[in-house]
Amino acid sequence: MRWAGQQVTDDGALPGMPALKGLVRSVRTPEFADVTFHEVRARSVLNRVPGASPMPFSWTVNPYRGCSHACTYCLVGSTPVLRADGGTVPMARLRVGDAVVGSVAEAGMRRLVRTEVSDHWSRTVPVVRMRLGDGTEVLTGPEHRVLTTVGWRHVVREGCAGDDGAWLVPGDVLVGAETLPAPHLAGVRDVLADARGADRTVVTVEPAGEEVVYDVSTGTGDYVAAGLLHHNCFARNTHTYLDLDAGEDFDRQVVVKLNAPEVLARELRSSRWTREHVAMGTNTDPYQRAEGRYRLMPGIIRALGESGTPLSILTKGTLLARDLPQLVAAGRDVPVGVGVSLALLDPDLHRSVEPGTPTPRARLDLIRRIADAGLPVGVFVAPVLPGLTDSDAALDALLGEIAAAGAAGASVLALHLRPGTREWFHAWLSREHPDLLERYAELYRRGAYVGKAYRQDLASRVAPLLRRHGLDGGGHHMGGRAGGGAAEPGNAEPQNPEPQNPQPQNPEAWPDGAMPRLPERVVTQTPPEQLSLL
């Protein structure tokens with residue numbers, strides 16, 4: 001059907017909702033079931049990346065707001081939420097404006113602070129029951145996230161659909177609010193003192209039927225309930241800025257900034273703009289499926305190039321090939337970076353370990369098309385799987401194909417296994433390659449990162465292969481902006497307490513082509529796993 005024929009309203013008001021500023025029209029189409037696109041004229045599209053982010057850039061552009069993944073961070077209504085005065089209130093009775101307890105992380109340490117509820121909603125969903133060693137029981141939605149001693153975790157694997165997150169398993173230890181300082185919350189400190197020594201070890205997580213659940217957005221992006229720290233989606237609250245709620249609206253009401261290219265061009269003409277690197281594909285994929293209809297990226301690329309602003313794009317989407325003429329034109333005036341990840345060639349192994357991702361041949365073809373257009377493209381050979389894809393022959397063949405496709409550089413990174421990922425991978429390994437279980441237990445006995453001896457051996461074997469294939473160029477060290485703390489992909493703040501197995505130093509460089517050629521001062525040494533699209 002014609003897109004224009006699916007129009008819902010032209011009068012600037014959404015049925016049953018407050019008026020959306022700048023609304024041009026609302027559109028539904030059979031191509032996107034249950035999703036309404038609200039086409040708006042935005043006032044600004046150039047966004048500064050939060051100062052704590054470890055990413056090696058300060059600015060980004062997101063032409064879309066909202067997400068159809070329908071993530072649900074929620075608790076049953078009876079769950080006690082900690083108020084800023086030290087009292088509690090059931091989740092169902094929270095109201096917008098209520099002062100509750102959240103947390104912030106500064107210089108690698110997390111502390112409790114006062115924050116306010118900015119939105120509150122409910123829905124009926126299947127729930128799971130999480131039981132802890134101290135007897136605490138919490139009923140949550142399947143996509144809910146809680147803070148563990150090694151970072152945020154979904155409560156169950158099913159909640160990670162469409163996401164690269166990790167989930168809870170028995171034995172994980174949650175961060176109790178009583179373990180964190182609350183320097184300006186005297187009443188809260190007194191209440192939490194009673195929970196000192198509580199056993200926050202996860203005992204079971206199991207289905208528990210269907211319930212009405214409630215969720216909130218807060219100023220800190222989290223809150224304390226039942227003595228634990230709970231995450232609410234950081235992006236959801238941005239919908240409230242547009243007079244849409246942060247619940248169903250975020251999932252089903254996608255805002256499209258129709259005039260993003262024109263507004264960006266105006267912002268880039270400002271005398272205050274210093275032409276810093278602008279990265280895309282860091283929060284929402286600029287080549288999500290709707291981009292095929294709205295075609296915002298060609299104008300965005302053109303505006304950046306004509307203003308003299310360096311740019312980069314991280315995506316696996318083949319739709320990028322459509323905009324190669326615009327990227328080539330921009331590349332004549334400014335540094336342009338494009339990055340692609342490719343870990344293996346074996347189609348059977350790919351289907352087993354990376355289901356749902358573009359095939360190796362499709363990604364090689366994308367690399368080839370980018371290179372044939374005259375643009376540099378960097379490839380991340382990640383993750384390398386010990387005993388499966390790390391032989392000299394396998395690496396040589398892969399790097400040979402990458403070089404033949406025209407890549408400017410490559411970086412080779414070994415698999416690392418965070419809690420959650422570790423359990424999933426070991427389960428897969430026990431089914432598919434049980435003979436490797438003992439070797440992996442030894443290689444990863446110290447934690448998430450493969451042993452130093454293996455890293456050194458891999459680096460020594462890879463170096464001559466990279467030189468042989470002309471892929472050893474690297475424009476940057478792996479890392480983020482100065483001052484950025486270690487964080488998980490998609491999480492802009494460091495975690496506390498620190499993991500028992502600290503991140504080893506990573507000498508690998510960003511491969512040539514993946515980032516625009518910028519002065520080395522813009523990056524510092526931080527974990528390569530920060531790259532959210534690997």
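Brief remarks on what is shown
- Scanning segment 122-153 for residues that are of a type outside the set (Val, Ile, Thr), over 21 Å from Asp199 (Cβ atoms) and touching an Asp or Glu at 6+ places or on another chain (Cβ under 6 Å) turns up Pro126, Pro142.
- Among the candidates Arg351, Arg418, residue that is open to solvent by 40 Å² or more (accessible area, probe 1.4 Å), part of a helix (DSSP H, G or I) and modelled with pLDDT under 85: Arg351
- Of all residues making up segment 300-348, the number that are of a type in the set (Val, Ile, Thr), open to solvent by less than 30 Å² (accessible area, probe 1.4 Å) and either modelled with pLDDT of 90 or more or farther than 23 Å from Pro261 by Cβ (or both): 7
- Candidates Thr148, Thr72, Thr88, Thr79, filtered to the one that is modelled with pLDDT under 85 and in contact with a strand residue (DSSP E or B) (Cβ under 8 Å, 6 or more places away or on another chain): Thr72
- Against the test of being modelled with pLDDT of 85 or more and not in a loop (DSSP other than H, G, I, E, B), the options Ala394, Ala407, Ala427 yield a single qualifying residue, Ala394.
- Residue that is nearest to His231 (Cα to Cα) [pool: residues in segment 90-109 that are touching a Lys or Arg at 6+ places or on another chain (Cβ under 6 Å) and crowded, with 16+ Cβ neighbours inside 10 Å]: Ser103
- If only residues of segment 151-177 that are charged (D, E, K, R) and modelled with pLDDT of 85 or more are counted, the one that is least open to solvent (accessible area, probe 1.4 Å) is Arg153.
- Segment 357-371, residues that are crowded, with 19+ Cβ neighbours inside 10 Å and either of a type in the set (Phe, Trp, Tyr) or within 12 Å of Leu344 (Cα to Cα) (or both): Pro360, Arg363, Leu364
- Candidates Gly374, Gly409 - the one that is of a type in the set (Gly, Ala, Ser) and surrounded by 21 or more Cβ atoms within 10 Å (Cβ to Cβ): Gly409
- Matching option when the condition is of a type in the set (Asp, Glu), under 14 Å from Leu229 (Cα atoms) and touching a residue at least 40 places away in the same chain (Cβ under 8 Å), among Glu210, Glu206, Glu178: Glu178
- When we screen Gly141, Gly133, Gly209 for residues that are at positive phi and either open to solvent by 10 Å² or more (accessible area, probe 1.4 Å) or modelled with pLDDT under 90 (or both), the only hit is Gly209.
- Within segment 254-281, restricting attention to residues that are within 23 Å of Glu39 (Cα to Cα) and either open to solvent by 30 Å² or more (accessible area, probe 1.4 Å) or in a loop (DSSP other than H, G, I, E, B) (or both), the residue that is modelled with the lowest pLDDT is Gly281.
- Of the criteria (1) over 30 Å from Pro298 (Cβ atoms); (2) surrounded by 15 or more Cβ atoms within 10 Å (Cβ to Cβ), which one Asp392 fails: (2)
Residue-wise test of (1) within 28 Å of Asp119 (Cβ to Cβ); (2) among the basic types (Lys, Arg); (3) in a loop (DSSP other than H, G, I, E, B); (4) in contact with a Lys or Arg (Cβ under 9 Å, 6 or more places away or on another chain).
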{"residue": "His184", "(1), (2), (3), (4)": "yes, no, yes, yes"}
{"residue": "Val191", "(1), (2), (3), (4)": "yes, no, no, no"}
{"residue": "Arg196", "(1), (2), (3), (4)": "no, yes, yes, no"}
{"residue": "Val202", "(1), (2), (3), (4)": "no, no, no, yes"}
{"residue": "Glu206", "(1), (2), (3), (4)": "no, no, no, yes"}
{"residue": "Val212", "(1), (2), (3), (4)": "yes, no, no, yes"}
{"residue": "Val216", "(1), (2), (3), (4)": "yes, no, no, no"}
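The values are calculated or read from the model by the stated rules, or taken from the named source; none is laboratory data. Owing to the predicted nature of the structure, the values given are computational and were not obtained by experimental measurement. Heads up, the Cβs are rebuilt from the backbone with ideal geometry, glycines too, and the neighbour counts pull from every protein chain shown. For accessibility, only protein heavy atoms count, side chains too; no ligands or nucleic acids. Shrake-Rupley method; radii C 1.70, N 1.55, O 1.52, S 1.80 Å.
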